[in-house]
Each structure stands twice: as structure tokens, then as C-alpha cells.
Amino acid sequence: MHHDNDLSPREQQIAERYADGSSYQEIATDLHIAPSTVRTHLATIYRKLEVSSKIELANRLAGATATPRSQVDHAAVISELALSLEEALSREKALSEVLRIIGASQGDLNLVMPAILRYALDLCDAEFGILFEYRDAKRFRASFTLGIPTAFQDWLDESGTFSVSDQTGLGRMVTQRSVVNIVDVKSETLYRSDDPLRLATADLGGARSFVAIPMLAADRLVGAFTIYRQSVRPFSEDALRFAQMFAVQSVIALENARLIGDCGNKP
């Protein structure tokens with residue numbers, strides 16, 4: 001139902017769906033437009049209706065009058081929307097660039113993986129990242145790293161392919177086949193049990209908050225995409241979504257390299 005609120009038909013459509021709880025991605029898919037376009041429309045909608053939240057938006061669409069705002073308050077709302085839009089565009093640009101690199105790499109993982117880790121660390125506000133390739137029986141090898149402290153890198157190099165215990169983040173990830181988000185690696189009992197990986201992560205890497213994301217090709221576990229913060233700052237749901245996006249791209253790159261390798265080995 002169209003309300004007398006100066007919104008265009010498309011803006012009205014987006015406003016109603018967003019107020020009803022649809023995500024940017026859901027709206028974009030339904031309307032066959034890009035998520036960035038949805039965000040651009042929402043910035044215009046919020047400015048036209050002088051609202052600053054989804055609740056206020058729903059109330060305005062239901063016929064409520066606009067809440068009086070000072071010029072300062074209004075400027076703050078617009079600034080926040082502008083920042084959110086810039087962040088969204090940065091995420092889409094990063095994803096597009098990663099896909100471009102994968103397509104142009106001809107299976108060269110040494111070109112692709114550092115780029116994926118670099119974008120992930122930037123967008124997820126993390127200090128360092130590791131891409132572990134999974135062997136079997138809870139054994140991993142750190143194949144690609146970025147920003148990692150030298151002492152931790154040396155430990156990983158010396159360890160080569162190593163086994164992890166069930167209580168580690170990687171061990172739990174293998175068992176659960178789901179994201180493991182650890183608030184503080186030093187606060188868990190495992191840190192006081194002399195587990196070599198946990199001690200190396202915390203003491204050599206200086207890591208505190210940490211997330212491990214399973215890299216799955218169909219139902220097969222091919223690795224773990226891990227990012228670390230060197231202070232106790234748990235990863236938000238948004239950061240986890242971004243990290244999962246890059247984990248998916250890492251799987252694509254690994255599988256692409258494998259297929260190219262298989263083709264090259266055929267007589």
C-alpha cells in the first residue's frame with residue numbers, strides 16, 4: 001500500500017520489505033538488483049522520511065508523523081548512513097576483486113590467497129590470518145599466512161603438518177563442521193593445559209580473540225580460514241559473515257587450482 005510520503009514506487013517497495021524484516025540481500029535477490037542499490041535506496045528513504053532506525057521506518061510507513069529532529073541529529077543520521085553505505089560498497093568491491101584475481105590467477109594460489117587474507121583482515125578488523133589446509137584425522141598445515149608474528153610463523157613452519165586436540169578451535173571446528181568463535185584464547189582451560197597449538201597461538205602469536213571457519217567443498221572439509229585479533233575484541237556477527245564470504249572464495253580458489261592441476265597432468 002502506497003503512503004503519502006514522497007517515496008517512489010521502488011523506494012516504497014524496498015522500505016516496506018526492509019521494515020518487515022527482509023535483509024539487504026533478500027531484497028536484492030527478490031527485486032533483481034544489487035545489495036549496494038538497496039542500501040542506496042534506503043539512504044534516500046531514511047533522508048526523505050527523517051528516520052534513523054527500522055522501527056521508526058515501520059512507524060512512518062504505518063502513518064506516524066516524523067519525529068522532530070535538530071539539524072545536528074539529522075546530520076548525524078545521514079553521516080552514519082553514508083558510512084554504512086561506504087562499508088557495504090567496500091565489501092562488494094573486495095569480493096569482486098577477489099573473484100577477478102581468482103579468475104586471472106590460472107590456479108596460482110600464491111597470488112590468490114594473500115589477496116583473500118588481506119581483504120579479510122581489512123574488512124574484519126583483524127591483525128593476522130592463517131589459511132590451514134586440512135589433511136585428515138584432525139591434522140592441519142598452515143599453507144598461507146598474512147600479518148603473522150615471526151615467532152608464531154617459525155613455530156608453524158617447524159611443525160609442518162600437525163595434529164590438533166579436540167579442545168582446540170580447529171579441533172572443535174572439525175567435529176562440529178561449523179564456525180568456532182573464541183572470545184579469549186587465554187581464558188579457556190585449554191590455555192592452562194600446555195596444549196602446544198593454544199600456547200603458540202596465544203604466547204607466540206599474541207592472539208586473544210579468534211575465529212575458525214570451516215572451508216567445505218560439498219561435504220568435504222578442505223581447510224580452515226582463521227583470523228585473529230591481538231586484543232580481547234570478539235568478532236561480531238557482521239564480521240563473521242564477511243569472514244565466511246572469504247572462506248568460500250578460498251575454497252573456490254583451492255578447487256580451481258586443483259582442477260587446473262588435474263588438467264595439466266593429463267597426457
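Is there a residue in segment 181-204 that is closer than 20 Å to ASP219 by Cβ and in the same structural domain as PHE235 (by TED's automatic domain parsing)?
Scanning segment 181-204 turns up no residue that is closer than 20 Å to ASP219 by Cβ and in the same structural domain as PHE235 (by TED's automatic domain parsing).
Which condition breaks for ALA224 when tested against (1) free of Cβ contacts under 8 Å to residues at least 60 places away in the same chain; (2) within 18 Å of LEU156 (Cα to Cα); (3) touching a strand residue (DSSP E or B) at 6+ places or on another chain (Cβ under 8 Å)?
Result: ALA224 fails condition (1) only.
When you go through (1) part of a loop (DSSP other than H, G, I, E, B); (2) modelled with pLDDT of 80 or more; (3) surrounded by 15 or more Cβ atoms within 10 Å (Cβ to Cβ) one by one for GLY107, which number turns out not to apply?
Status for GLY107: all satisfied but (2).
Any residue at all in segment 232-249 that is within 17 Å of ALA142 (Cβ to Cβ), touching a strand residue (DSSP E or B) at 6+ places or on another chain (Cβ under 6 Å) and not in a helix (DSSP H, G or I)?
No: segment 232-249 contains no residue that is within 17 Å of ALA142 (Cβ to Cβ), touching a strand residue (DSSP E or B) at 6+ places or on another chain (Cβ under 6 Å) and not in a helix (DSSP H, G or I).
In the set VAL77, VAL38, VAL72, which member is over 30 Å from VAL222 (Cβ atoms), touching a helix residue (DSSP H, G or I) at 6+ places or on another chain (Cβ under 7 Å) and either modelled with pLDDT of 80 or more or surrounded by fewer than 17 Cβ atoms within 10 Å (Cβ to Cβ) (or both)?
Among VAL77, VAL38, VAL72, only VAL38 is over 30 Å from VAL222 (Cβ atoms), touching a helix residue (DSSP H, G or I) at 6+ places or on another chain (Cβ under 7 Å) and either modelled with pLDDT of 80 or more or surrounded by fewer than 17 Cβ atoms within 10 Å (Cβ to Cβ) (or both).
I'd like the residue in segment 116-173 that is in a helix (DSSP H, G or I) and touching a helix residue (DSSP H, G or I) at 6+ places or on another chain (Cβ under 6 Å) and, out of all such residues, is nearest to SER209 (Cα to Cα).
CYS124
So that you can scan it fast, the table gives a plain yes or no per residue for (1) closer than 27 Å to PHE162 by Cβ; (2) modelled with pLDDT of 85 or more; (3) surrounded by 14 or more Cβ atoms within 10 Å (Cβ to Cβ); (4) among the polar types (S, T, N, Q):
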site: ALA217; (1), (2), (3), (4): yes, yes, no, no
site: TYR228; (1), (2), (3), (4): yes, yes, yes, no
site: VAL232; (1), (2), (3), (4): yes, yes, no, no
site: PHE246; (1), (2), (3), (4): yes, no, yes, no
site: SER250; (1), (2), (3), (4): yes, no, yes, yes
site: ALA257; (1), (2), (3), (4): yes, no, yes, no
site: ASP262; (1), (2), (3), (4): no, no, no, no
site: LYS266; (1), (2), (3), (4): no, no, no, no
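Hey, can you tell me all the residues within segment 117-141 that are surrounded by 24 or more Cβ atoms within 10 Å (Cβ to Cβ) and more than 17 Å from LEU254 (Cβ to Cβ)?
If the condition is that a residue be surrounded by 24 or more Cβ atoms within 10 Å (Cβ to Cβ) and more than 17 Å from LEU254 (Cβ to Cβ), then ALA126 is the only one that fits.
Return the residue satisfying two criteria in turn: it lies in segment 197-215 and is out of contact with any strand residue (DSSP E or B) (no Cβ under 8 Å at 6 or more places or on another chain) and not in a loop (DSSP other than H, G, I, E, B), and of such residues it is surrounded by the fewest Cβ atoms within 10 Å (Cβ to Cβ).
ASP203
Going through LEU31, LEU61, LEU57 one at a time, which residue ends up being touching a residue at least 24 places away in the same chain (Cβ under 8 Å) and within 28 Å of MET245 (Cβ to Cβ)?
Unique residue meeting the criteria: LEU57.
Quick one: which of GLN167, GLN230 is in contact (Cβ under 8 Å) with a residue 40 or more places away in the chain, polar (S, T, N, Q), farther than 21 Å from MET113 by Cβ and assigned by TED's automatic domain parsing to the domain that holds ARG141?
GLN230
When ASN181 is evaluated against the numbered criteria (1) modelled with pLDDT of 90 or more; (2) surrounded by 14 or more Cβ atoms within 10 Å (Cβ to Cβ); (3) not in a strand (DSSP E or B), which criterion, by number, is the only one it fails?
Unmet for ASN181, out of (1) modelled with pLDDT of 90 or more; (2) surrounded by 14 or more Cβ atoms within 10 Å (Cβ to Cβ); (3) not in a strand (DSSP E or B): (3).
For a quick check of your reading of the model, give me the residue pairs whose first member lies in segment 142-161 and is on the phi > 0 side of the Ramachandran plot and assigned by TED's automatic domain parsing to the domain that holds THR201, whose second is in a loop (DSSP other than H, G, I, E, B) and among the aliphatic types (A, V, I, L, M), with beta-carbon atoms closer than 9 Å and at least 6 apart or on different chains.
Hits for this filter: GLY147/ALA126.
The values are calculated or read from the model by the stated rules, or taken from the named source; none is laboratory data. It should be emphasised that the depicted structure is a prediction, and the values quoted were computed from it without experimental measurement. Using ideal geometry, Cβ is built from the backbone for each residue, glycine included, and neighbour counts are taken over all protein chains shown.
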